[in-house]
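Q: Next up is a structure, given as structure tokens.
Derivation of every value follows stated rules applied to the coordinates shown; laboratory data play no part. Computed from a predicted model, the values in this text were never measured in an experiment. Counting neighbours? That spans all protein chains shown, and the Cβs are built from the backbone with ideal geometry, glycine included.
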Amino acid sequence: MAETKELVLLNCWVSPYGMRCRIALAEKRVEYEHKEENVMEKSPLLLQSNPVHKKIPVLVHGGKPVCESLVIVQYVDEAWPDRAPLLPVDAYGRAQARFWADFVDKKIFECGTKLWKLKKEAQGEAKKEFTEGLKLLEDELGEKKYFGGDAFGFVDIALVPLMAWFRTYESFGSFSAETEAPKLVAWGKRCMERESVAMSLPDPAKVYELVCYIRKAFGLE
Amino acid sequence: MAAAAGEVRLIGAWPSPFVLRPRVALNLKGVEYEFLQEKFGEKSELLLRSNPVYKKIPVLLHHDKPVCESMIIVEYVDGVWANSGQAILPADPYERALHRFWSVYIDDKWFPSIFGIGKAETEEAKAESAEQAWAGLKLLEEAFEKLSKGKAFFGGDTIGYVDIALGAYLRWANVIEQMTGLKLFDEEKTPLLAVWAESFCAHEAVKEVMPETEKLLEIAKMRQEK
């Protein structure tokens, strides 16, 4: 049985990818040990568990590592199939969910990182892609409660860490989330009412503080 | 299991490695489909309507409902036709996670390195990309050893998810080898993968849809001249 094996999540509190894993595990009400990694000094366990990328998050289940956040979320869904399904039952619904989660990776988090890593002059293309990405997600969400409809699921989990990072992206990307994506902001608030999300997302002010510190430390100002 | 006429259509183009992936998956499942070849240099109305987000091939139309992104289509085909042919993804959740991990690695890290060899404008840039490509192949060789468990494919006895992900790039890898003189799937560096590459290309589900290196070389040379 899945529960009897040891479960450890190697993570870093600020990572949106790590937040996805925490939310998935919380939705499934699975107990695990949370190990906070110092990404400047990676633990031997992390290096051994993810030798290819040496990155968090990594879920280690009974000594076996699973890497890549969306792969981890799907693994969690499949290893604990008896409760809180994270993906739709039908193949078409699953394909749509995977498509939009992949879109979130490419257009939101990859672009979002460029917004705070690049200097203002270099941001142009990334900002355009990011705000266009937000609009497409708003269209996809429409009037639904969650991306999955009535049930909170895969796409919601993929995207909701944005709520901890929005403030940071807004500040360095010079835009307003309320203006560019009011439906997503409302959806984010609904998601935050879920315990799994509220307990997994850090305070956006703390994320912003850390990013400011990193920018100074790496001379990105 | 033959699909009813018009039920399954695939929008694509024969040279594309991404299009090859769902074709292999459909062949593995014995699914009949209509192949809608896009005109070179032009995107059809149907494509633009079916994939408004990326406007790219491949797009699978199943009962006119579009599925986009090559490996997502592969997984969809595996799910819908679960009772036909062999499973493309393994049943065990952990093994599925490994297949998905390596598929992401192949697209996000390995493909850019071989693409980099092709695009390189200096010898140094070419050498750097080649080193990255070989390093990636070494990792994939180790992955092959673990996942194949001594059998012919990443999927074991039959073609699986990672086979499709990596195998799709084989002919384009050949093109790069011929244009640069570099050997990518080298029997000395990665002996298991060198054998695997032959097995993949020779497979029933692959050989008729795998483009010929000569024809791809023509396209590559045409692009270079532009």
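Q: Sort B:I114, B:I73 so the one with the fewest other Cβ atoms within 10 Å of its own Cβ comes first.
A: In order of increasing Cβ crowding within 10 Å: B:I114, B:I73.
Q: Just rank B:M179, A:M19, B:M222, fewest to most, by other beta-carbon atoms within 10 angstrom.
A: By the 10 Å Cβ count, ascending: B:M222, B:M179, A:M19.
Q: Helix check for chain B. Which DSSP H runs span at least 27 Å along their own axis by Cα, with a mean Kyte-Doolittle hydropathy no less than -1.0?
A: Working: long enough: B:123-148 (36 Å, -0.53).
For chain B, where a helix must reach 27 Å along its axis and average at least -1.0, the hits are B:123-148.
Q: Could you tell me what percent of the DSSP beta bridges with both partners in chain A are antiparallel, to the nearest 5? It would help to have the intermediate numbers written out before the result.
A: Details: 10 of 14 bridges.
Restricted to chain A, the bridges split so that about 70 percent are antiparallel.
Q: Then there is this: Determine the shielding of peptide A:63-72 by partner chains: average, over its residues, the number of Cβ atoms on other chains within 10 angstrom of each Cβ.
A: If you average over the peptide's residues, the count of other-chain Cβ atoms is 4.
Q: Of all DSSP beta bridges located in chain B, what percent are antiparallel, nearest 5?
A: In chain B, approximately 70 percent of DSSP beta bridges are antiparallel ones.
Q: What is the fewest-to-most order of A:F147, B:F101 by other Cβ atoms lying within 10 Å of their Cβ?
A: Listing A:F147, B:F101 from fewest to most nearby Cβ atoms yields B:F101, A:F147.
Q: Continuing with the same structure: Restricting the count to DSSP beta bridges whose residues both fall in region A:9-122, what percent are antiparallel, rounded to a multiple of 5?
A: 70
Q: Along the Cα→Cβ direction, 7 angstrom out, place labels at A:K64 and B:D108. What is the inter-label distance in nm?
A: Output for this residue pair reads 2.1 nm.
Q: Further question on the same structure: Take every Cα pair under 8 Å in region B:93-225 that's 6+ residues apart, average their separations, divide by the length, and report that relative contact order as a whole percent.
A: Relative contact order comes out at 21 percent.
Q: Let me ask you something else. Counting residues in chain A as N, plug N into 2.2 N^0.38 Å and put the Cα Rg over that result.
A: This ratio for chain A stands at 1.01.
Q: With Cβ to Cβ distances under 13 Å as the rule, what net charge do the other residues near A:K120 carry (K, R +1; D, E -1)? Could you put the intermediate results ahead of the total?
A: Numbers: positive: A:K114, A:K117, A:K119, A:K127, A:R215; negative: A:E121, A:E125, A:E221.
Taking every Cβ under 13 Å from that of A:K120, the sum is +2.
Q: Name the residue, out of B:P90, B:P15, B:P52, whose mean-square fluctuation peaks in a Gaussian network model built on chain B with Cα pairs under 10 Å.
A: B:P52
Q: Given labels modelled 7 Å from the Cα in the Cβ direction, how far is it in nm from A:A217 to B:E225?
A: Label-label distance for A:A217 and B:E225, simple model: 5.4 nm.
Q: Moving on to the next point. For region B:190-208, list residues with backbone N below 16 Å from a point placed 7 Å from the Cα of B:W14 toward its Cβ?
A: Within reach of a label on B:W14, which here means backbone N under 16 Å from a point 7 Å along Cα→Cβ, region B:190-208 contributes B:206-208.
Q: Could you give the Stokes-Einstein D for region B:93-225 in µm² per second, using the C-alpha Kirkwood radius, 4 °C, 1.567 mPa s?
A: Working: Rh = 15.3 Å.
Roughly 85 µm²/s, to the nearest whole number.
Q: Hey, in the GNM for chain A with a 10 angstrom Cα cutoff, which one of A:G153, A:G133, A:G62 fluctuates hardest?
A: Ranking A:G153, A:G133, A:G62 by mean-square fluctuation puts A:G62 first.
Q: Between B:T158 and B:K215, how many nm apart are label points set 7 Å from Cα along the C-beta direction?
A: Between B:T158 and B:K215, the label points sit 2.7 nm apart.
Q: Go ahead and run the numbers for FRET between B:E123 and A:R29, Cβ-Cβ distance against an R0 of 60 Å, rounding to 0.05.
A: That pair, B:E123 with A:R29, gives E of 0.60.
Q: Got a sec? Charge dipole of chain B, +1 on Cβ for Lys and Arg, -1 for Asp and Glu; which of B:L166, B:A130, B:P17 is way out at the positive end?
A: B:P17
Q: Something else now. Who wins for biggest fluctuation among B:E123, B:E145, B:E204 in a Gaussian network model of chain B, springs between alpha carbons below 10 Å?
A: B:E123
Q: Here's another thing I want to ask about it. Subtract the Cα-Cα distance of A:E6 and A:D82 from 0.36 nm times their separation in residues, and report this length gain in nm to one decimal.
A: 25.5 nm
Q: Follow-up. Assuming 0.36 nm per residue, please report the length gained on full extension of the stretch B:S84 to B:Q178 beyond their Cα-Cα distance.
A: Gain in length upon complete extension: 30.0 nm.
Q: So, one more: For region B:8-80, calculate the relative contact order in percent as a whole number, restricting contacts to Cα pairs under 8 Å that are 6 or more residues apart.
A: Computed value for region B:8-80: 40 percent relative contact order.
Q: Quick one: Cα centre-to-centre distance for region A:158-198 and region B:1-73, in angstrom?
A: Here the two parts' Cα centres lie 35 Å apart.
Q: Now a separate question. Within the P(r) computed for chain B, what percentage of the Cα pairs occupies the region above 30 Å?
A: 24
Q: Once you order the gyration tensor axes a ≥ b ≥ c over the Cα atoms, which shape class does the protein assembly as shown get: rounded for a/c under 1.5, otherwise prolate or oblate by comparing a/b with b/c?
A: rounded
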